Amino acid sequence: MSTATLAGLTGAILAGVGLYGLIIHPDPLRRILAFNVLGSGVFLLFGIIARRGAAIGALADPVPQAMVITGIVVAFAATALAVALLIRLGAQTDPVVTQADKQDLARRADD
Amino acid sequence: MIVQTLDIGLAALVLTLAGYTVLARATFPAVVSYVAYGLLLSLIWVRLFSVDVALTEAAIGGGLTGVLLIGAAGKRRGTAVAATELDPTQPLRWAIMALCALAALALATVVVSLPDPAPTLAPQAMENIATTGLGNPVTAVLIAYRAFDTMLEKCVLVIAVVGVWSLACDRCWGGAPDVPRAVARGGTLTFFAQVLPPLGILIGIRIFWIGADEPGGAFQGGAILAAMWVIIMMAGLTDVPAISKRWLRIALAAGPIVFLGVGILGFAAAGGFLAYPHGFAKPVIIFVEIFMTLSIAATLPMLVGGAPIRAPRP
């Protein structure tokens with residue numbers, strides 16, 4: 001199996017893992033995290049399309065690469081906006097903190 | 001053989017970290033795992049010979065997103081409301097897992113059945129690259145062939161900052177945002193923030209400059225400069241600027257405004273929007289990229305900082 005195919009399969013699994021996290025977590029911050037995992041998996045699929053499109057003078061097709069670079073920057077901007085909304089929401093309402101987080105905090109306080 | 005082992009090892013590490021990011025019970029370890037995930041993912045990009053993407057992923061996907069999310073996880077600590085009733089039940093979890101596995105399987109099927117030979121725009125990109133005066137085809141796509149996309153993306157960044165700022169409370173409007181801070185002054189982070197930026201700024205400018213011919217460019221260089229500013233602010237060596245500062249607003253808007261201005265001048269100079277004059281393309285591209293780098297270096301830290309939380313000083 002070539003490096004590109006392996007990376008593509010990794011991207012496919014990452015998209016699935018991210019989608020799962022996006023659906024099961026009630027906590028919005030965990031959803032943002034999962035959404036980023038999903039996004040990076042999709043970017044990786046662009047990556048193998050770029051790599052497969054290699055030609056003389058270019059080890060990978062530059063067009064999908066440029067799209068991914070733009071995509072990473074826009075994903076960051078969207079994440080920042082989502083986090084800002086979340087923090088504003090948290091300031092106005094009781095934040096959602098899962099049972100596991102409470103246990104984690106208690107454990108840290110004990111240390 | 002060694003190379004294949006490396007690839008499989010990398011894929012296994014990345015998938016493990018992604019799994020932990022999604023499945024970890026508590027939020028903070030999940031965020032930390034995501035940062036490591038972003039950095040390892042950039043190594044896969046290197047293996048795909050997409051070094052420009054690898055640089056962007058490491059700086060923005062791993063680094064800056066990491067700071068942003070660690071800050072967000074930290075800001076929410078200490079508050080506790082049970083939310084277990086919101087967690088899906090076990091049978092529902094299995095059903096969701098099965099459907100997501102199906103989605104992944106569908107994507108994997110597409111990956112293994114991609115057409116051969118692969119469709120590509122690389123020959124066209126290389127054929128016309130001489131007209132741009134650039135040597136790096138990715139930069140040529142970003143700034144010349146698909147300049148319109150990149151210009152709109154710069155506008156998206158400014159709009160994102162406006163969106164984030166607009167979430168300020170009324171009293172805080174015009175005041176300063178805050179970045180995640182080091183707990184103690186004079187610690188490792190302060191030392192780091194004194195030693196790293198002189199080198200980091202040089203590296204950032206160099207990555208921007210060589211981007212015309214080698215992997216690098218305005219995004220990657222700007223992101224490194226942004227990271228240096230974030231480190232200095234995190235260590236408390238400089239204050240986060242108030243959002244009403246004129247120089248800050250000029251720095252944020254300079255990139256898109258110069259890009260748009262050059263684009264409109266293209267009508268007169270080269271007969272089309274965002275067209276560059278023949279034989280004079282490279283100096284124009286570098287000129288636009290200088291302002292883009294500046295704007296990216298100002299925008300990304302402001303996005304990390306979030307909405308202003310302090311009332312402006314009179």
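Some observations on this one:
- Cross-link partners of B:LYS245 among aspartates and glutamates, defined as those whose alpha carbon lies under 17 angstrom from its own and excluding same-chain residues fewer than eight positions apart: B:ASP178.
- Taking only the Cα atoms of chain B, the radius of gyration and Dmax are 22.3, 66 Å.
- Length added when fully stretched, B:PHE148-B:LEU99, from 0.36 nm per residue minus Cα-Cα: 13.9 nm
- Taking chymotrypsin sites (Phe, Trp or Tyr not before Pro) as exposed when their DSSP state is a loop state and no more than 15 other Cβ atoms lie within 10 Å, the longest site-free interval of chain B runs over B:1-172.
- Selection from B:ILE250, B:VAL141, B:PRO215, by position along the positive dipole direction of the range B:128-314 (Cβ): B:ILE250
- Normalised contact order of the range A:3-102, rounded percent, pairs of Cα under 8 Å and 6 or more residues apart: 25 percent
- Gaussian network model of chain B, Cα within-10 Å springs - most flexible of B:VAL22, B:VAL179, B:VAL31: B:VAL22
- Exposed loop positions in chain B were taken to be trypsin sites (Lys or Arg not before Pro) whose DSSP state is not H, G, I, E or B and which have at most 13 other beta-carbon atoms within 10 angstrom. Between these positions, the longest stretch is B:26-184.
- Proximal lysines relative to A:LYS102, as straight alpha-carbon distance under 23 Å, when same-chain residues fewer than 8 apart are discounted: B:LYS75
- Once the Cα-Cα distance is subtracted from the 0.36 nm per residue extended length, the B:ARG310 to B:VAL110 segment shows a gain of 67.0 nm.
Values in this text are rule-based calculations from the coordinates and carry no lab data. Keep in mind that this is a model prediction, so the values were computed, not measured. When we count neighbours, we look across all protein chains shown, and the Cβ atoms used for this are built from the backbone with ideal geometry, even at glycine.
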